[in-house]
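First up is the structure itself, then whatever we jot down about it.
The values are calculated or read from the model by the stated rules, or taken from the named source; none is laboratory data. Computed from a predicted structure; not experimentally measured. All Cβ positions, glycine included, derive from the backbone under ideal geometry; neighbour counts span all protein chains shown. Ligands, DNA and RNA are excluded from the accessible area calculation, which covers all protein heavy atoms including side chains. Shrake-Rupley method; radii C 1.70, N 1.55, O 1.52, S 1.80 Å.
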Amino acid sequence: MIAINFSDAKTNLKSYCEKAVDNEEEIIVTRKDKKNVVILSLDKYNQLLKDIRCLLYTSPSPRDRTRSRM
């Protein structure tokens, strides 16, 4: 994981995009207003979404967990 500031991201965007894709790096872009963003490859993003959906559909809901304890 790499952390960079916004002006560095603007200056070297192509290089950071290549690192995200080629090296599977996550790049955190810090901004003055504290509304930071992350650059990651589309493949990694899609995998994260797939993992989240899998967790959501396979984990019991809070209501179901409560019922099972009773």
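General observations
- Restricted to the range 1-57, and to residues there that are touching a Cys at 6+ places or on another chain (Cβ under 9 Å) and among the β-branched types (Val, Ile, Thr), the residue that is most open to solvent (accessible area, probe 1.4 Å) is Ile39.
- The range 2-26 residues that are free of Cβ contacts under 8 Å to residues at least 24 places away in the same chain, paired with ones that are surrounded by 13 or more Cβ atoms within 10 Å (Cβ to Cβ) and part of a helix (DSSP H, G or I) (beta carbon under 8 Å, 6 or more apart): Tyr16/Ala9; Glu24/Lys44
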